[in-house]
1. Pop out the ³J(HN,Hα) list for the stretch 425-431 in order, Karplus 6.51 cos²θ - 1.76 cosθ + 1.60 with θ = phi - 60°, rounded to Hz; leave Gly and Pro as x.
2. Assuming a ≥ b ≥ c are the square roots of the Cα gyration tensor eigenvalues, decide whether the stretch 32-76 counts as rounded (a/c under 1.5), prolate (otherwise, with a/b larger than b/c) or oblate.
3. Need the full-extension length gain, ALA202 to ASP99, defined as separation in residues times 0.36 nm minus the C-alpha distance. One decimal, nm.
4. Can you give the extra length, in nm with one decimal, that the chain gains between LYS76 and ASP246 once fully stretched, where that is 0.36 nm per residue apart less the Cα-Cα distance?
5. Non-local amide H neighbours of VAL327 (under 5 Å, H modeled in plane, Pro and chain starts lacking H): which ones?
6. Students often check this: by mean Cβ neighbours within 10 Å, which of 68-79, 18-29 ranks highest, and how do the rest follow?
7. Give me the one-decimal nm value for the distance between modelled label points at ASP349 and LYS507, 7 Å along each residue's Cα-to-Cβ direction.
8. Gain in length, VAL471 to ASP586, computed as 0.36 nm per residue apart minus the alpha-carbon separation, to one decimal in nm?
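Please treat every number below as a calculation from the coordinates, not as lab data. Just so we're clear, the structure is a prediction, and the values are computed from it rather than from any experiment. Ideal geometry is used to build each Cβ from the backbone, glycine not excepted, and the neighbour counts take in all protein chains shown.
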Amino acid sequence: MNYFVTGATGFIGRFLVERLAARPDARIHVLVRESSQEKFDALLERLGDHGDKLIPVYGDIAVPGLIDAAEAKKLKGKIDHVFHLAAVYDMNMDDDTADRVNTGGTRNVVEFVNELGGKVRLHHMSSVAVAGGDFVGKFTEDMFDEGQSTRHPYYRTKFQAEKIVREESKVPFRIYRPGAVVGSSVTGEIDKIDGPYYFFKAIQKISHRVPKWVPLLGIEGGRVPIVPVDYVAAATDAIAHKDGLDGQCFCLIQSHSPTVGELLGAFLAAAHGPEFARKLELPVVPGSLRAITGRIGGAVPDAVKKQLSRTIGVPVSVLGYVINRAVFEDKNARAALRGSGIKCADIADYAPVLWQFWEQQLDLDFKASPRLVRRLAGKVVLITGASSGIGFTTAKKLAAAGAKVVLVARTQEKLEETQKIIEKLGGEAFVYPCDLNDLKAIDAMVAAVLRDFGHVDVLINNAGRSIRRAVAESYDRFHDYERTMQLNYFGAVRLIMALLPSMQHRKSGHIINISSIGVLANAARFSAYVASKSALDAFTRCLSAEVKAKNIHTTAIYMPLVRTPMIAPTKIYSYVPTWSPDDAADTVIKAILERPKSVATTLGTAASISYALWPKVNDYILSKGFQLFPSSTAARSAKDKDAPALKPTLEQVVFANVFKGEHW
């Protein structure tokens, strides 16, 4: 089977080409602009063993004929399917670009296909945008020109492109209308911030600043025709190869599209944020009023529109979904896919995957200060526990400041993923997998780092193990104390001692230990964890005096509760005040700049002082907290482990907020 694909290196294109390449007899001719050679090479790498099925054909849809006449002659009569995916999707696009690529490009593709001859079939990737931004009611797959308004360049040119296919194609065609395409429902992969992703930063801030127990008031809004990219590719591939469907249109969306409120609720849940207690339904704006506001909007200067867009962080056109009143039907698509096993996933099921990918790979709302760049540019910073949580976020920010970040953790695959993320953002990162429980492995890792870099300027001992279990629940678990001490104390000390000689030789270095507020507050249920962190604290205090004359600085950061994978098993922590990894990373950065002896929150400092002056008062408060908060499910008996996690009581909420950041 011979295919010709435009837009193969684009977002949907990459997923579709993967599906096509999996077919045993596939030969895929890919239209490639010469300026996009790197993207084609990346596609080859992505396909692995199937890469040899790709044949680059150099050209451009914006040019009549698409490709060289000689190349076109070679393909004549030999192509079975043409997939036209190439288009510009940018809600801030200008009319000229939209006309040149979306409209003119589609006409060029149709003319090219008409000349191919043989039994070629055209598959056109359209969009639900053909319905315009103001349509009210059900828009079926059999509907097209309903007199809808398509003022926006994207809506207008997608409508015009589909019209060209319908009216000018001389070969059989099929039309696919995906909705708002988001990342893969399996991996979360997405190319850029778009559509619902514009709201992610605001959702993140809410989840970090507003406790989970606080009920939110939201809006219901219109229905969002959302769809994951993997479903678009799978459905298109399956429908394209099924007989008897020529001339039809297929809407590729989640059948029961979520409302704006449901969509935001799904992402708030993925971000471990609060829930909507109530959602308000927005009134339907009459057509006459929409027309008036549209004309007024057209009179607003572009500079004003751009300023509004920057202020709210969302393109003005994207906000149209909030009051969207179009409901899209996917009856044809579901009928065509019946028996294939291909079904669009529900956003509630894969929202956490989208959220995780965004947080890890696209969220870098950080601009390094000139002072930080001066301090870190070219410096070697070694971070343990660098593949997740505090270490991961800190690594991204330090790399953005120009540091050479040495990533250390146990799993090589996760470290390499972190490295790719940092490099994608323009930073430098180097992978050194190491089991920090193994002292010999630490020695080997340090030897490799010193061999490659000669020295380490800043060591951040971030890796750690936390165990939340009362002493009375640990009588038969002495190994908890041994393994916690092994990683949090012996591993960190071994690493410090391995790097100290080179620091002393250079008379320069900074050792940062990520400790815990529990060391200052003597948190109940954390005897194993706090003891190990306290031991490291005492070691470093003693060391500090010995290396001061060598210009080696030490800093202990007594972190409060931070929302990381380490605390995820304790479900009640979803409802108590925590720091975000961003807050924690910013604290590490401040420590690098200022080199303080220690960093603590106000509560941590107060707890330390009060324990020195009024230890019995401290015991009383901590005892109340111990009784108030239940043990984790891991520490409960087998009978209790299946009990559902309960929402906190008012007393628990008040207690947790008075003692913000403490481990309970």
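1. 8, x, x, 10, 9, 9, 9
2. It is oblate, given that a/c is not under 1.5 and a/b is not larger than b/c.
3. 33.7 nm
4. My answer for the length gained is 59.1 nm.
5. GLY137, LYS138, PHE139
6. 18-29, 68-79
7. 6.5 nm
8. Result for the pair: 38.0 nm of gain on full extension.
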